[in-house]
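The values are calculated or read from the model by the stated rules, or taken from the named source; none is laboratory data. Since this is a predicted model, take the numbers as computed values, not measurements. Cβ sites come from the backbone with ideal geometry, for glycine too, and all protein chains shown count toward neighbours.
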Amino acid sequence: MLAAALRQETLRPGAEVLDVGTGSGALAVAAARHGAGRVTAVDAALAAVLTTRLNAWFAGHRGQVRAYRGDLLRPVAGHRFDLIMANPPYVPCAAPVPPRGGRARAWDAGPDGRAVLDRLCAQAPTLLAPDGVLLLVHSGLCDPVRTVELLAGAGLKAAVTDRRSIPFGPVLRRRAPWLEAQGLTAPGQDKEELVVVRAQRPA
């Protein structure tokens, strides 16, 4: 969904793009192919950073894509970007604090699924250049309306621009009884809605 949203954006020559929580670097490489001047990719996992560098090299974009390890937006504090993309952890979980390591770090995000989303909504607007765009994907289980409201409150023009219903994956299937007990899903619900939120800073 983020790759499709990226393809809808027109990047100015030399555009600076940030991919937050890059994982394999697939979106970072897609941004380079789409015409970004430079792509900065950030992830908390060293394996993800190394994988992104390797995938950029294989794709012929080693000079365009730079990958850094660090907590969310900390490695790029003070920089400005024309486009920021983020596919953060957003799955609600019983633990009040997201894990600091292990595979679950890629999806667990506190009881309401917003432990990382709220930080992104607070910090990302300060990194957008004038007319810059934030593209953010997350589950409908963790309140897209709140995401839009927070970004609008930071001075951005924000809206949900894409929605897609998909079957629960393995994590949500295992967690289905807990999600229902928390009132996050309806009885017997086995699908979730994914949304893309687009937010733009005024020129």
Every pair of residues 6+ apart whose Cβ atoms lie under 8 Å, when the first sits in region 147-166 and is on the phi > 0 side of the Ramachandran plot while the second is charged (D, E, K, R): Gly155/Arg201
Subset of region 172-203 (residues that are surrounded by 14 or more Cβ atoms within 10 Å (Cβ to Cβ), out of contact with any helix residue (DSSP H, G or I) (no Cβ under 8 Å at 6 or more places or on another chain) and among the basic types (Lys, Arg)): Arg175
Residues located in region 55-80, provided they are assigned to a helix (DSSP H, G or I) and of a type outside the set (Phe, Trp, Tyr): Asn55, Ala56, Arg74, Pro75, Val76
Residue identified as β-branched (Val, Ile, Thr) and modelled with pLDDT under 95 among Val137, Val97, Val145: Val97
Region 66-89: number of residues that are closer than 20 Å to Val133 by Cβ, of a type outside the set (D, E, K, R) and surrounded by 15 or more Cβ atoms within 10 Å (Cβ to Cβ): 10
Region 187-203 residues that are farther than 22 Å from Gly153 by Cα, paired with ones that are among the aromatic types (Phe, Trp, Tyr) (beta carbon under 7 Å, 6 or more apart): Asp190/Phe168; Lys191/Phe168; Glu192/Phe168
Residues located in region 1-54, provided they are assigned to a loop (DSSP other than H, G, I, E, B) and within 10 Å of Ala67 (Cα to Cα): Thr22, Gly25
Residues of region 75-113 satisfying the condition of being among the basic types (Lys, Arg), over 15 Å from the mean Cα position of the chain (by Cα) and within 15 Å of Gly21 (Cα to Cα): Arg100, Arg103
Residue count for region 6-43, restricted to those that are surrounded by fewer than 20 Cβ atoms within 10 Å (Cβ to Cβ) and of a type in the set (A, V, I, L, M, F, W, C): 2
Positions within region 114-154 being more than 13 Å from the chain's Cα centre (by Cα), among the small types (Gly, Ala, Ser), closer than 24 Å to Ala4 by Cβ and not in a strand (DSSP E or B), in sequence order: Gly140, Ala152
Extreme residue, modelled with the highest pLDDT, among residues of region 155-171 that are outside any strand (DSSP E or B) and crowded, with 16+ Cβ neighbours inside 10 Å: Leu156
Region 180-203: number of residues that are among the aliphatic types (A, V, I, L, M), outside any strand (DSSP E or B) and touching a strand residue (DSSP E or B) at 6+ places or on another chain (Cβ under 9 Å): 1
